[in-house]
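See below for the structure under consideration.
The values are calculated or read from the model by the stated rules, or taken from the named source; none is laboratory data. Remember, predicted model here, so these are calculated numbers, not experimental data. As a convention, Cβ positions derive from the backbone with ideal geometry for all residues, glycine included, and neighbour counts pool all protein chains shown. Side chains are part of the model used for accessible areas, which takes the heavy atoms of the whole protein and leaves out ligands, DNA and RNA. Shrake-Rupley method; radii C 1.70, N 1.55, O 1.52, S 1.80 Å.
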Amino acid sequence: MVSERYGPDSDQYRGVLSMYVFGTLFGAVLISLIASLATSFNIFDPLALAMGAGVGSGSMMAAAAAAASVVSAHPEMADQVLAVAATSNIITGLLGVYVGMYVALPLADRIYGALTKRSKTTSERKADTAPRAVAPSVTVPLTTIVPILFVGGVIVSSIAAGGVSRSIIVGYLILTGLLLLGVGVARLTRGKIAAMIAIITIGALATTPWSPIGDFVSSTVGTVDFLSICTLTLTVAGLSLGKDLPLLKTIGWKIVPVGIVAILASYLLSVVVAKFALGLWH
């Protein structure tokens, strides 16, 4: 989202990339501790704690709902907790793209700009005008990257499934088609509709109960192991970090308190909202 909206060499991309790295390395551990502490207070319903776990990250959701003490403290509700957490995570992942692209990112950018204009010292303003580390430009054509992703995805999914199957290949063909369709929409609209927005919207509509191909798409893509997709995605993301190391070095330790506050606030505020939404506040 940030790369499409602000560009891969922007301050916004640099900040979000640092938060992505922090969340990947420490997010699951941190949210697990926060969820355990929130559970020990006995003031929140376990379903509210489960809904709060749906922060959009699969690893964080699993850590907050399952690995943390929510399930262990309420073993009789284990299935409900995990089901609600997974549902909340799906909703967050879907709606979060629209909110992030059109509300959260522009709002955060304006608030940050207003705060930094007031608080910057003379030396900081001079530092802003100094030359910055810029990530080298790396461009890979779709005709190269798409076949690599397709073949790599089929191989990883086949290993996870214990063998190659027709449904895995067809499933990845569908995913690849969605990818190309989303990129095509973004190019036709000259970026007014982001590729990620197009992919998620088309994918969601194609798998609804009202879609004539909904059952086929859901059942076929469902044969592709979800964790294998995560493995491929995180591998590509990890490889891309190499070119962004100069940008990451400019952030330094500041991402640590920002990351802790972001994860803490996201989880606890989500739990409070879920508490009221479920009508369980006493």
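The residues in the stretch 37-73 that are modelled with pLDDT under 80 and either on the phi > 0 side of the Ramachandran plot or open to solvent by 40 Å² or more (accessible area, probe 1.4 Å) (or both) can be counted, and the count is 8. I'm trying to understand the selection: among the residues of the stretch 180-224, which are hydroxyl-bearing (Ser, Thr, Tyr) and either open to solvent by 60 Å² or more (accessible area, probe 1.4 Å) or in contact with a Gly (Cβ under 7 Å, 6 or more places away or on another chain) (or both)? Correct list: Thr207, Thr208, Ser219, Thr220, Thr223.
Scanning the stretch 4-36 for residues that are over 27 Å from Ile193 (Cα atoms), of a type outside the set (Phe, Trp, Tyr), under 16 Å from the mean Cα position of the chain (by Cα) and open to solvent by 70 Å² or more (accessible area, probe 1.4 Å) yields a total of 2.
Residue by residue through the stretch 92-109, note down the ones that are among the β-branched types (Val, Ile, Thr) and either in contact (Cβ under 8 Å) with a residue 12 or more places away in the chain or open to solvent by less than 60 Å² (accessible area, probe 1.4 Å) (or both). Break it down into steps so the answer makes sense when it comes.
Filtering the stretch 92-109 down to residues among the β-branched types (Val, Ile, Thr) leaves 92, 97, 99, 103.
Matches in the stretch 92-109: Thr92, Val97.
Quick one: in the stretch 186-222, which of the residues that are outside any helix (DSSP H, G or I) and of a type in the set (D, E, K, R) is farthest from the chain's Cα centre (by Cα)? Working first, answer last.
Taking the stretch 186-222 first, the residues outside any helix (DSSP H, G or I) are 189-194, 207-213, 222.
Cutting the leftovers down to of a type in the set (D, E, K, R) gives us 190, 192.
On the way: Arg190: 24, Lys192: 21 Å.
The qualifying residue farthest from the chain's Cα centre (by Cα) is Arg190.
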